[in-house]
Amino acid sequence: MMLYLASRSPRRIDLLSRLGVPFCALELDVPEVRGRDEPAPAYVQRVALDKARAGLALVAGRDAQAWVIGSDTEVVLGERVYGKPADALDAADMLASLAGRSHQVITVVALVSAACEDVVSVVSEVSFEAMSAAQIQHYVASGEPMGKAGGYAIQGAAERHVSRLCGSYSGVMGLPLQQTAALLARHGLLPDIE
């Protein structure tokens, strides 16, 4: 029985490694396109499941007992779901709209096997201090916002602008450790440590 992570994200690989469970990371390309009237929580869950199912389809032929974790994280403010910025201008626009406000970060972790699907959803609230245009440009110029939902990495230089976090720090990074550990334990995939 092998555990696979349907992601090559260095953050998710690092976070899952902290749980002490052997796993293999999979290279996948799963579309992340929100349906026209799809509510944000449903969208994040669907994408996490799509990733896990795609990972299972990839390895099922060689590992019938495979378990696959898929995860998706999105930044949400009101009705807007902030994906990954298309370019530096998009990143700056995202950060300007988040600055001085609180937003939600929704992370869903999906665990699938040939016989089972289970999901856990974690919603955190992140507040940014007001940021000047110069501060935003400086951060965007670092390149860190690219490839990150909402145009920021809480574990990076953006952390200095976070005035409040209510929820899961690792969840905002992309994989909520406590909830992921509980999910794995529920299916006998976490080493039993007394």
Notebook entry, point to check: (1) in contact (Cβ under 8 Å) with a residue 60 or more places away in the chain; (2) among the hydroxyl-bearing types (Ser, Thr, Tyr); (3) more than 20 Å from VAL140 (Cα to Cα): which one isn't true of TYR82, the others all being true?
Noted result: (3)
Margin query: Considering only residues that are within 13 Å of the chain's Cα centre (by Cα) and either more than 22 Å from ALA57 (Cβ to Cβ) or not aliphatic (A, V, I, L, M) (or both), which ones fall in the range 98-125?
Written below: GLN104, VAL105, ILE106, THR107, SER121, VAL122, VAL123, SER124
Item checked: Search result, residues across the range 63-97 that are in a strand (DSSP E or B), within 17 Å of GLY35 (Cα to Cα) and under 12 Å from the mean Cα position of the chain (by Cα) -> ASP72, THR73, GLU74, VAL75
Item checked: Of all residues in the range 124-140 being assigned to a helix (DSSP H, G or I) and touching a residue at least 12 places away in the same chain (Cβ under 8 Å), the one that is most open to solvent (accessible area, probe 1.4 Å) -> GLN137
Check: Looking at (1) modelled with pLDDT of 95 or more; (2) open to solvent by less than 20 Å² (accessible area, probe 1.4 Å), which is the only condition SER7 fails?
Finding: (1)
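Residue by residue through the range 105-118, note down the ones that are crowded, with 17+ Cβ neighbours inside 10 Å and assigned to a strand (DSSP E or B).
Across the range 105-118, the qualifying residues are VAL105, ILE106, THR107, VAL108, VAL109, ALA110, LEU111, VAL112.
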Check: Out of curiosity, is SER121 over 22 Å from ALA182 (Cα atoms) and assigned to a strand (DSSP E or B)?
Finding: no
Next item on the list: Would you confirm whether any residue within the range 155-170 is of a type in the set (S, T, N, Q), out of contact with any strand residue (DSSP E or B) (no Cβ under 8 Å at 6 or more places or on another chain), outside any loop (DSSP other than H, G, I, E, B) and open to solvent by less than 50 Å² (accessible area, probe 1.4 Å)?
Entry: yes
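The values are calculated or read from the model by the stated rules, or taken from the named source; none is laboratory data. Predicted model only: the values in this text are computed from it and were never measured. Cβ sites come from the backbone with ideal geometry, for glycine too, and all protein chains shown count toward neighbours. Please note that ligands, DNA and RNA were not included when accessible areas were found on the heavy atoms of the full protein model with its side chains. Shrake-Rupley method; radii C 1.70, N 1.55, O 1.52, S 1.80 Å.
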